[in-house]
Structure formats: C-alpha cells, structure tokens
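Heads up: the structure comes next, in structure tokens.
The values are calculated or read from the model by the stated rules, or taken from the named source; none is laboratory data. Fair warning: this is a prediction, and the values are worked out from it, not measured in the lab. Cβ atoms come from the backbone with ideal geometry, glycine included; neighbour counts cover every protein chain shown. For accessibility, only protein heavy atoms count, side chains too; no ligands or nucleic acids. Shrake-Rupley method; radii C 1.70, N 1.55, O 1.52, S 1.80 Å.
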Amino acid sequence: ISETKESGLICGFILDVTTEKAAEAEILAKQRLTEKIIDAAFDALFVINERGIIEMVNTASTAVFGWSQEEFIGQNISIIMPPDHAANHNGYLSRYLKTGFKKMIGKEREVEARRKDGSTFPCILGMSEVDDLGSKQFVGFIRDVTIQKSLLLAQAEREASDSLLYNILPEHIAKRLKEDPSHIADLYNNTTILFADIVGFTDRTSVMSPHDVVVMLN
C-alpha cells in the first residue's frame, strides 16, 4: 500500500500467493512423511555432519541406546562407540574427506556399540554418504545382533555337545539319549559312563566355560 502526495490517493497492490502457499504445504507434508518413515525403521538411524555431529536420529536409536533424541542432537557420534573406537572416529571422517578413500562408506561391518549405561553390544553398522548442495552428510544404520550372536553360540555349543556324546557312547545309545534323554536310564539299565579325573582336570575346568570344556573334551 502506498500514498501519492499530489493527489492524496492510496494505492493497494494484491499478490496472489496461493501457489506458493500450496508449494510450502507440500514441502512440509513431504518432510513429515519422511520423518515418519525414518521413525518407522526397525534399525537405529543416525545422520551426522562432516564433523561427526549428530543432526538427526530416529525413535529406534533412543530405544537401542538409551539416550533421548534431545540428548543425541548436537553430540559427537563417538558417544555410541567404545572408548578405543571413539578416539579414532573423527580421524576416519577426516581422512575420507581429504582422500576420498572409502574404508567404511557404502559398506557394512560388525562392530561394538555402547549404550548410555556403558554396556556394549555387537551390531552391524552400515554407512552412506549424502551430498546436499556441496554439504556432505553421513547416514548410519545400526542393527543390534545380540540375539543372532547368542543363537549362533548356542548352536555351536549344541553341535560340540553332540560330538562329545557320540565320542563317549555307542552310537545307538547316543542317538537314543539325544532323542529322549528322560528315559535313557529305564531302557539301558546296564549302561554306566565313567569319567576319570585327569591330573589337574578339575582345577583347570573350574575356570572354563561349559562350551570351552566341551571343546577341550572333543
């Protein structure tokens, strides 16, 4: 709105911004959708800048690590790493930005991660690079594999136990014991298993895990 001194008239100009407002609303809607998709991911997700500072996390990250989103934002990503890896992380990013050598970018590998309470757990880490108008960001995906590792260890222990069983018993008895251990004493009254205490055996095995004892006996 303007006023002319000569005539005293007031002139008004009206600009239709319907299209611009619609475009802004569409952009905001897409941003909200993107945030919902990120939060729906099962794996923990981190977005960091070139200095390793956390700029975005999803809900899974807070559940896995124990920090809130507010606590995460602005912190260095090294807070989720054990001390030995945390000290080197900024060096990884610096070397990559200087040389372009991709030691971790675009790859997955198994690493140890650290929760807020200080406990660590095995995870699969995948990192990707996003270039936004010359500004680089890095997206990290972290999958907790504690359960999978436990299952693999349990399977290895079962296989080692089965091998030990077949080594010390006749095959037909070992098979019957493996299939139904509850009635083996009723069916094989005359079967006796004798374990001799080898010199130093008790002392040695008292500090070993059951899995290590089975492996040694095999």
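Under a 1.4 Å probe, what is the accessible area of the stretch 37-164 per residue, stated in Å²?
Details: 7400 Å² over 128 residues.
Value for the stretch 37-164: 58 Å² per residue.
Go through Lys30/Lys98; Lys30/Lys149; Lys36/Lys149; Lys36/Lys116; Lys36/Lys98; Lys107/Lys149 and tell me which ones have a Cα-Cα distance over 27 Å in this structure.
Lys30/Lys98; Lys30/Lys149; Lys36/Lys149; Lys36/Lys98, as the Cα separations exceed 27 Å there.
Tabulate in residue order the Karplus-calculated ³J(HN,Hα) for the stretch 127-133, using 6.51 cos²θ - 1.76 cosθ + 1.60 with θ = phi - 60°, rounded to whole Hz; enter x for Gly and Pro.
10, 10, 10, 10, 9, 10, 6
May I ask you to compute the full-extension gain from Val145 to Val17, defined as 0.36 nm times their residue separation minus their alpha-carbon distance, rounded to one decimal in nm? Mind showing how you got there, number by number?
Numbers: separation 128, 0.36 × 128 = 46.08 nm, distance 5.16 nm.
Taking 0.36 nm per residue and subtracting the Cα distance, the gain is 40.9 nm.
Protein chains only, probe 1.4 Å: how do Arg32, Arg115 rank by accessible area, largest first?
Result, largest first: Arg32, Arg115.
What value in Å³ per residue do you get for the convex hull of the alpha-carbon atoms in the stretch 13-165?
Spelled out: Cα convex hull of the stretch 13-165, divided by residues, is 165 Å³.
What ³J(HN,Hα) values, in whole Hz, does the Karplus curve 6.51 cos²θ - 1.76 cosθ + 1.60 give for the stretch 149-162 when θ = phi - 60°, with x put for Gly and Pro?
Once rounded to whole Hz, the list reads 5, 5, 5, 5, 5, 4, 4, 5, 5, 5, 5, 5, 5, 4.
Quick query: amide H of Asn58 versus all other amide H atoms, modeled in the peptide plane; which residues come in under 5 Å with a sequence gap of 5 or more or a different chain?
Placed amide hydrogens put Leu45 under 5 Å from Asn58.
Does a label point 7 Å from the Cα of Val130, set along Cα-to-beta-carbon, have any residues of the stretch 56-96 with amide nitrogen under 18 Å, and which are they?
Zone members listed by number: 56-62, 69-70, 72-77.
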